[in-house]
């Protein structure tokens, strides 16, 4: 199979290494996360997710995502407070928080 025949997100083996197709020209190495430019005509070996050598992608419960994001947001607020609590930055952080939560809500429905 050729690289251009893979769908974005497909896992494959190239020159003995595992990758995931990121876009039409780039793949992401399975263990290092580094991006690799791959010719469209490069010969690749598709890998089913369960035999790719790394755990298959799993769904993370929404509650866990929200808890992690809330912890991140609280740390950001603390850092802003330590830096003088700039009102504009605080407002922009809150705007980014709302945009994130809106996007999460729209993708889950």
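Just a few scattered comments:
- Helix-only mean residue ellipticity at 222 nm for the chain, each DSSP H run of n ≥ 4 adding -39500 (n - 2.57), per residue, nearest 500: -13500 deg cm²/dmol
- The long axis of helix 87-108 is offset from the longest Cα principal axis of the chain by roughly 50 degrees.
- By the beta-carbon count within 10 Å of each Cβ, the least crowded to most crowded order of 92, 77, fewest first, is 92, 77.
- Alpha-carbon gyration tensor eigenvalues x 5, square-rooted, for the chain, Å: 38, 16, 14
- Length gained on full extension, residue 92 to residue 8, computed as 0.36 nm times the residue gap minus the Cα-Cα distance: 26.9 nm.
- With contacts taken as Cα pairs under 8 Å at a separation of at least 6 residues, the chain carries a relative contact order of 19 percent.
- Helix 62-82 axis, angle to the chain major axis (alpha carbon atoms, nearest 10°): 50
- Average Cα contact separation per residue, the range 3-46, under 8 Å, 6 or more apart, as relative contact order %: 39
Bear in mind these aren't lab numbers, they're just calculated from the coordinates by the rules spelled out. Please read these numbers as outputs of a predicted model, since none were measured by experiment. Don't worry about glycine lacking a Cβ; one is built from the backbone with ideal geometry, like all the others, and counts go over all protein chains shown.
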